[in-house]
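A short worksheet on the structure shown next.
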Amino acid sequence: QVQLVESGGGLVQPGGSLRLSCAASGIIFSINIMGWYRQGPGKERELVALISRNGQTTYADSVKGRFTISRNNANAVSLQTDSLKPEDTAVYYCNARTLSNGYWGKGILVTVSS
């Protein structure tokens, strides 16, 4: 089992920045890919960014050039969000994948508003 805890969300003005962090505990040696998804108001959950164990990254087109995912070690991942837009408002979920399972954090709210 893997447990994920997100932190760093909050209210920010358009154009601002936030750094989201996710810490994993449990059987962390089995994690291959970590990443972030989000679910905006009235929308389905969508991929934001992924990072593999070897550092390969994937980004949604909507966040390319504005968000940066980094994996600090085997059990932590961060998402630097810059140039935030109102449409980035969502609950952001940390995700971790092993060969056989996927795990989710409880989510953290990011609100972009003036």
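At-a-glance table
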item	result
Under 20 Å from the Cα of K43 - aspartates and glutamates, other chains or at least 8 residues apart	D61, E87, D88
Largest-first principal axis extents of the Cα set of the chain (Å)	41, 24, 22
Rounded to the nearest 10 Å², the accessible area of L79 at probe 1.4 Å	0 Å²
Average accessible surface area per residue within the range 1-64, 1.4 Å rolling probe, Å²	56 Å²
Sites matching GluC sites (Glu not before Pro) across the range 6-110 that sit in DSSP coil, with at most 13 neighbouring C-beta atoms within 10 Å	E44
Heavy atoms of V5 accessible to a 1.4 Å probe, total area in Å² rounded to 10	100 Å²
Long-range Cα-Cα pairs in the range 48-101 (distance over 12 Å), rounded percent	69 percent
Simple label model, 7 Å out from Cα along Cβ direction - E46 to I27, nm	3.3 nm
Qualifying trypsin sites (Lys or Arg not before Pro) for the range 7-59 [loop in DSSP, other Cβ within 10 Å: at most 12]	K43, R53
Sulfur and carbon atoms: percent of accessible area, the range 5-114 [1.4 Å]	51 percent
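The values are calculated or read from the model by the stated rules, or taken from the named source; none is laboratory data. Note that the structure is a prediction, hence the values are computed from the model and not measured. Positions of Cβ are backbone-derived with ideal geometry, glycine not excepted, and every protein chain shown enters the neighbour counts. Remember, those area values only see protein heavy atoms, side chains included, never the ligands or the DNA or RNA. Shrake-Rupley method; radii C 1.70, N 1.55, O 1.52, S 1.80 Å.
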